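Worksheet: the structure to be examined is printed underneath.
Please treat every number below as a calculation from the coordinates, not as lab data. Note that the structure is predicted; figures quoted are calculated from it, not measured. Glycine also receives a Cβ, built like all others from the backbone with ideal geometry; neighbour counts cover every protein chain displayed.
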Amino acid sequence: MPTFWTRRSPLAWALLPLSWLFCGVVKLRRLAYRRGWLKSYQSPIPLIIIGNITVGGTGKTPFVIALAKYFINQGIKPAIISRGYGGKIKKEPQLVNKFSDPHIVGDETVLMTNYVDCPIVVCPIRKYAVEFIIKNHECDIILSDDGLQHYALQRNIEIVLMGEQGLGNGFCLPAGMLRESLNRLKTVDFILYKNQDFILKAQPLRNLVSQEILEIDQLIGKTVHAIAGIGHPESFFQQLQTLGVQIIPHSFPDHYYFKAEDICFNDDLPVVMTEKDAVKCRMIATAAHWFVPVETQLPADFLISLQRKLAMFKPFLDILVCPVCKGKLHYQKQPHELICPACRLAYPIVDEIPKLLETEARRLSLEELDQLKK
């Protein structure tokens, strides 16, 4: 990341006219899609964009993984779409699995397959990815990993993630790190800050060759080679240092294609890297190479607000399942409830949030049950 993106230096001011031109083009393009001058695609099922307004890492991948896990635990079937950054997919959508080549489909999507059991499809044209999922998979909701500025794809909810670097100098590209003007933040549904609203917590290290697990406490006070080819490498280096590890940092561009000479050194020190980098290094790694998995916990107030917004979409109410029998629920407008005929339970919808707890459900009378069958 250029240093002038973080402060209003003479170079940043010199590039500012180009930033005005860039912002103008972005605004005009967005307006063209909103007015229908350019065609956009509306998914028939709810679609959530998880993106950022800045260049650089904001923790999107672990956030998308956590959100997909949340929906799965709720009995909702998610799917994930991605452009496949760092990959080579052109127009044909491709389903990603654990054995996919990260150099073809992108490193982040391969990483996701280690954590979530749901369809993950890459395609630069996200409309094609959505159509592929709908045609080939049973899916209730779609999560788009990035794509905030992909206005050819309509969305129901927009979530913007912010990294530790904040907004930099506040200028748009190329004078600063903003992809759009700050006014864009006024139109999104959620803004969450990495390591404030959602925390990325380091897990025990894993060896790339043996899959051995190593507690990070065992590296306190020791020196390691730290490798990061991510949007904001300094965040990884700082994380290790905060945990008490002495590092020799090696930063690479985001989605970098590693070679053996990039990660092997003429000493006996351990080599520690991000999990995103590890998926590209398995074929060239040695017993000296370790990666740091991370997990994130989504804030409860965010999930409550998200449920409230999703409840506004009739298709979303139709995909919720009974927590007792896992059967489909049926929406009943009057009273405002979700009905499970099999369990004879009616779950209330309070403040547009479905209360899917057996203790909060009321028992349907036989008369009500007969009425539902008619």
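Here the Karplus relation 6.51 cos²θ - 1.76 cosθ + 1.60, evaluated at θ = phi - 60°, turns the backbone of the stretch 222-233 into coupling constants of 9, 9, 9, 7, 10, 10, 8, x, 10, x, 9, x Hz, with x for every Gly and Pro. Note on Ala152 and Gln332: the model spin-label points, each 7 Å out from Cα along the C-beta direction, lie 4.6 nm apart. If R0 is 41 Å, the Cβ-Cβ spacing of Thr223 and Gln297 corresponds to a FRET efficiency of close to 0.85. Scanning residues 5 or more positions from Val245 or on other chains, those with amide H under 5 Å from its amide H are Gly221, with H placed 1.01 Å from N in the peptide plane. Using the Karplus relation 6.51 cos²θ - 1.76 cosθ + 1.60 with θ = phi - 60°, the per-residue 3J(HN,Hα) values for the stretch 49-62 come to 9, 10, x, 9, 9, 10, 7, x, x, 10, x, 4, 4, x Hz, with x marking Gly and Pro. With volume of the Cα convex hull per residue in Å³ defined as stated, name the option among (i) 147; (ii) 182; (iii) 166 computed from the structure displayed. Among (i) 147; (ii) 182; (iii) 166, the one calculated here is (iii).
Per-residue Karplus couplings for the stretch 271-288, computed as 6.51 cos²θ - 1.76 cosθ + 1.60 with θ equal to phi - 60°, are listed in order as 10, 10, 9, 6, 5, 4, 6, 4, 5, 9, 10, 4, 7, 10, 7, 10, 5, 7 Hz, Gly and Pro entered as x.
Taking amide H as placed 1.01 Å from N in the peptide plane, Ala175 has its amide H under 5 Å from the amide H of Ser19, each at least 5 places away in sequence or on another chain. Which value, in debye to the nearest 20, describes the size of the charge dipole of the chain about its Cα centre when Lys and Arg Cβ atoms bear +1, Asp and Glu Cβ atoms bear -1, and nothing else is charged? Charge dipole of the chain: 1640 debye, to the nearest 20. Which whole-angstrom value gives the distance between the alpha carbon centres of the stretch 205-239 and the stretch 103-169? After rounding, the separation between the Cα centres reads 27 Å. Relative protection proxy for 129-135, 252-258, from highest mean packing down: 129-135, 252-258 (other beta-carbon atoms within 10 angstrom). Taking packing as the residue-averaged number of other Cβ atoms within 10 angstrom, the listed peptides 16-27, 84-95 run from highest to lowest as 84-95, 16-27. For the stretch 138-157, the residues whose backbone nitrogen is under 20 Å from a point 7 Å from the Cα of Asp117, taken along Cα to Cβ, are 138-143.
Taking 0.36 nm per residue of separation and subtracting the Cα-Cα distance, full extension of the segment from Asn97 to Phe313 would add 74.7 nm.
Roughly speaking, what is the stretch gain from Trp20 to Met283, that is 0.36 nm per residue apart minus the C-alpha to C-alpha distance, in nm to one decimal? Write down the numbers at each step before the final one.
Working: separation 263, 0.36 × 263 = 94.68 nm, distance 4.48 nm.
Extending this stretch completely gives an extra 90.2 nm.
Students often get this wrong, so check it: of Lys60/Lys88; Lys27/Lys91; Lys60/Lys222, which have C-alpha atoms separated by over 23 Å? With Cα atoms farther than 23 Å apart: Lys27/Lys91; Lys60/Lys222.
Before anything else, pin down the relative contact order of the chain: Cα pairs under 8 Å, at least 6 apart, normalised by residue count, whole percent.
Numbers: 724 pairs, mean separation 64.5, N = 374.
Rounded, it is 17 percent for the chain.
Each peptide among 67-78, 301-312 gets the average number of other Cβ atoms lying within 10 Å of its residues, and from highest to lowest they stand as 67-78, 301-312. Placing pseudo-labels 7 Å out from each Cα toward the beta carbon at Trp37 and Lys135 gives an inter-label distance of 3.2 nm. For Phe198, the residues whose amide H sits under 5 Å from its own are Tyr193, ignoring neighbours fewer than 5 places away on the same chain, with H placed 1.01 Å from N. Straight-distance candidates among the aspartates and glutamates for linking to Lys77, with alpha-carbon spacing under 20 Å and chain neighbours fewer than 8 residues away dropped: Asp117, Glu131, Glu138, Asp140, Asp145, Asp146, Glu158, Asp318.
Treating r as the C-beta distance of Ala260 and Ser9 and R0 as 22 Å, the FRET efficiency rounds to 0.05.
Using only Cα atoms, tell me the angle between helix 10-35 and the longest principal axis of the chain; keep it within 0 to 90° and round to the nearest 10. The angle comes out near 20 degrees. Label zone (Gln371, point 7 Å along Cα-to-C-beta; backbone nitrogen cut-off 16 Å) within the stretch 346-364: 346-348, 362-364.
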